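What follows is a set of notes on a single structure, which appears directly below.
The values are calculated or read from the model by the stated rules, or taken from the named source; none is laboratory data. This is a predicted model, so every value here is computed, not measured. Positions of Cβ are backbone-derived with ideal geometry, glycine not excepted, and every protein chain shown enters the neighbour counts.
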Amino acid sequence: MSTLSITNAAVYDGVSDSLADGPVYVADGRIVSVGGPPEPADQVIDARGGTVLPGLIDAHCHAYGISLDMMATESQPLSYVALAAARRLARALARGFTTVRDPAGGDAGLARAIAESLIPSPRYLWTGAAVSQTGGHGDARGPDGETCPCYAHGCEVVDGVDPLRRAVRERFRRGAHAIKIMTSGGVMSLADPIRIPQYSADEIRAVSEEAARRGSYVAAHAYSPEAIRHSIDNGVRSIEHGNLLDAPTAAAMALAGAFLVPTLAAYDAMERRGEKIGMPAVSRQKNREVLESGQHAIELARAAGVSVGFGTDLMGVLEDEQLHGLRLQAEVDGIWTALASATSVNAELIGRPDLGRVAEGCIADLLIVGGNICDDPSVVWSPDGQRTVVQGGRVIGRATAEGR
């Protein structure tokens with residue numbers, strides 16, 4: 001049994017609006033105690049002046065999202081996509097994200113490589129390729145495209161109740177955590193309006209029923225009130241993005257027990273960097289349509305009592321903006337609520353109450369930052385700040401936020 005003691009640091013437990021005193025004592029990969037006298041340990045980290053947090057959870061992290069060009073990603077050999085994904089995952093871990101949910105990608109091979117420690121990675125919960133209707137957000141063809149949408153690294157075009165049931169069953173056969181479905185238009189797809197709901201009620205319900213039978217759930221890409229209601233009324237549990245949310249729809253989400261996973265980092269990054277990295281004009285215009293409403297959607301969700309998680313949705317070179325999503329969410333929620341979204345709330349969303357908290361009995365996935373977050377919250381997202389990442393009680397590295 002290996003032991004670890006983290007001393008001389010304040011502790012954010014994942015749920016409180018204040019810091020507690022350490023130390024944190026870990027044995028055999030789990031937290032044994034928080035506070036009290038220091039315990040002798042095989043390894044001691046003196047984190048003097050720092051803060052211990054739960055390992056961060058990104059509930060919308062695209063490992064396979066190696067490009068902002070959807071067709072370019074889908075047409076690459078899967079072996080290449082997986083190798084590029086491995087580097088993206090390693091960098092996320094170095095930033096302090098010890099768990100990620102990939103809601104449009106991943107497969108059994110990548111998951112096995114991670115489980116066998118062939119690559120450094122956060123805990124990896126994957127959905128496999130998302131499902132999209134023809135001409136929906138996941139259909140990578142433009143209006144004049146004639147290519148076959150037959151690749152399915154990040155998204156598969158599937159129409160009809162029975163084909164959708166087979167697609168869902170196949171994902172669970174291979175070990176998927178949940179199912180991702182596209183139920184509204186999107187920024188990066190070229191042929192679909194943002195607001196219009198996608199898929200029929202029968203199609204969405206079939207996907208939700210199959211997921212529920214497996215003890216799992218459905219996450220839906222949805223922006224508009226119409227698309228969000230269309231999703232939750234037919235069994236969807238997790239609404240991704242939700243930027244155009246209104247108050248009545250937020251109330252309906254709360255009544256249904258649905259989660260909102262905002263992804264503010266993506267829109268902010270695309271607004272600032274989109275033209276330089278070659279985003280099509282139609283995508284930049286769509287992005288502006290949802291950019292400013294994203295933070296307001298969080299306010300509406302909070303007011304209605306919706307559980308609000310945290311995601312980033314960063315594709316291609318924009319992955320280095322991952323931590324800035326915390327800053328943007330903290331601007332709306334304040335630091336304590338934003339950190340809870342990225343830790344304990346996301347842990348509830350993914351069904352892992354043993355993650356996302358610094359508490360006795362929880363898995364010792366931890367992030368140690370070099371400063372007191374009560375005095376200076378920016379130490380959590382500063383790209384130059386030193387940080388130590390602990391996963392399952394094992395110190396996996398001390399690095400800057402970018403892993404260099």
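Taking the numbered list (1) within 19 Å of residue 63 (Cβ to Cβ); (2) without any contact (Cβ under 8 Å) to a residue 40 or more places away in the chain in turn, residue 338 passes all entries but (1). For segment 230-334, the helices (runs of 4 or more DSSP H) that sit wholly inside it and include 1 or more residues that are modelled with pLDDT of 95 or more, within 15 Å of residue 220 (Cα to Cα) and touching a helix residue (DSSP H, G or I) at 6+ places or on another chain (Cβ under 9 Å) are 247-256. The set of residues in segment 28-62 being over 19 Å from residue 397 (Cβ atoms), touching a Ser or Thr at 6+ places or on another chain (Cβ under 9 Å) and in contact (Cβ under 8 Å) with a residue 60 or more places away in the chain consists of 28, 32, 59, 60, 62. Being aliphatic (A, V, I, L, M) and under 18 Å from the mean Cα position of the chain (by Cα) is a condition met by at least one residue of segment 350-358. When each of 140, 104 is tested for being in contact with a Lys or Arg (Cβ under 8 Å, 6 or more places away or on another chain), small (Gly, Ala, Ser), modelled with pLDDT under 95 and in the same structural domain as residue 323 (by TED's automatic domain parsing), the lone residue that passes is 104.
Taking segment 199-223 as the range and being modelled with pLDDT of 95 or more and in contact with a Ser or Thr (Cβ under 8 Å, 6 or more places away or on another chain) as the test, the residues that pass are 199, 204, 217, 218, 219, 220, 221, 222. Where residues in segment 55-86 are touching a helix residue (DSSP H, G or I) at 6+ places or on another chain (Cβ under 6 Å) and not small (Gly, Ala, Ser), which of them is surrounded by the most Cβ atoms within 10 Å (Cβ to Cβ)? Among them, the one singled out is 57.
Among the residues making up segment 239-263, those that are at positive phi and either crowded, with 18+ Cβ neighbours inside 10 Å or among the basic types (Lys, Arg) (or both) are 241, 242. The residues of segment 47-82 that are of a type in the set (A, V, I, L, M) and either in a strand (DSSP E or B) or modelled with pLDDT of 90 or more (or both), listed by number, are 47, 52, 53, 56, 57, 59, 63, 66, 78, 81, 82.
Each row is one residue, and each column tells you yes or no for (1) farther than 21 Å from residue 274 by Cβ; (2) within 18 Å of the chain's Cα centre (by Cα); (3) modelled with pLDDT under 75.
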{"position": "165", "(1), (2), (3)": "yes, no, no"}
{"position": "185", "(1), (2), (3)": "no, no, no"}
{"position": "190", "(1), (2), (3)": "no, no, yes"}
{"position": "194", "(1), (2), (3)": "no, no, no"}
